[in-house]
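Asker: Can you read through this structure? Questions will come right after.
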Amino acid sequence: MNVKKIHHVAIICSDYEKSKNFYVNILGFPIIQETYRPARNSYKLDLKVGDNDAIELFSFPNPPQRISQPEACGLRHLAFAVDDLDTTVSYLQTNKIKVEQIRLDEITGKRFTFFQDPDGLPLEIYET
């Protein structure tokens, strides 16, 4: 097996328009392609993250709830690298996004914090 990179991260949302607004207009991820799939009554929104990464945002009718706390078993969180943590936190707060207190990574000495998407998915911003 020769894995080269992570191709994409897939997220299922409960309110497509609300999540689309969050990821596109607040987080600023450009749309690569938006597809409506009538047979599934579902949208698939491909978003560009940085130079080489992507998020697939899916909507499905009545998706089941999932435990999403960062310490729950399974996917812990999705982290985004930023150059200036303070500016990013201020921007999120200006957009009425609740942001946790800034922490210090005791291993790398870098600062980071968490916030949530509209469905409570834990998202991290990590200062590089």
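Just so you know, all these numbers are worked out from the coordinates, no wet-lab data involved. Computed from a predicted model, the values in this text were never measured in an experiment. Please note: Cβ atoms are built from the backbone with ideal geometry, for glycine as well, and neighbour counts cover all protein chains shown.
Asker: Say each of Lys18 and Arg103 gets a label point 7 Å from the Cα, pointing the same way as Cα to Cβ; how far apart are those two points in nm?
Answerer: Those two pseudo-labels are separated by 2.6 nm.
Asker: Hey, what number do you get for the chain at 222 nm if only DSSP H runs of n ≥ 4 count, each worth -39500 (n - 2.57), divided across all residues, to the nearest 500?
Answerer: -3000 deg cm²/dmol
Asker: How big is the antiparallel share of DSSP beta bridges in the chain, given as a percent to the nearest 5? Intermediate values should be presented prior to the final figure.
Answerer: Values: 20 of 30 bridges.
If we restrict to bridges inside the chain, about 65 percent are antiparallel.
Asker: Taking the 0 to 90 degree range and rounding to the nearest ten, how far is the long axis of helix 85-94 tilted relative to the main principal axis of the chain, both from C-alpha atoms?
Answerer: On a 0 to 90 degree scale, this one is about 50.
Asker: Let me ask another. Output the pairs from Lys48/Lys110; Lys48/Lys96; Lys48/Lys98; Lys5/Lys98 with a Cα-Cα distance over 27 Å in this structure; if there are none, say none.
Answerer: Working: Lys48/Lys110 25 Å; Lys48/Lys96 23 Å; Lys48/Lys98 24 Å; Lys5/Lys98 31 Å.
From the list (Lys48/Lys110; Lys48/Lys96; Lys48/Lys98; Lys5/Lys98), the Cα-Cα distance tops 27 Å for Lys5/Lys98.
Asker: Rounded to the nearest whole Å³, what is the per residue volume of the convex hull around the Cα atoms of the chain?
Answerer: 149 Å³
Asker: Long-range amide H contacts for Ala79: which residues qualify at under 5 Å (H placed 1.01 Å from N, peptide plane, sequence gap of 5 or more or a different chain)?
Answerer: For Ala79, whose amide H was placed from the backbone, the distant partners under 5 Å are Glu124.
Asker: What length, rounded to one decimal in nm, is gained on full extension from Lys96 through to Asp83, with 0.36 nm per residue of separation minus their alpha-carbon distance?
Answerer: 2.6 nm
Asker: Here is a follow-up. Tally the DSSP beta bridges in the range 65-128 and give the antiparallel ones as a percent, rounded to 5.
Answerer: Percent antiparallel among DSSP bridges in the range 65-128 is about 60.
Asker: Need the C-alpha centroid separation for the range 51-128 versus the range 7-28, integer Å.
Answerer: First find each Cα centre; the distance between them is then 12 Å.
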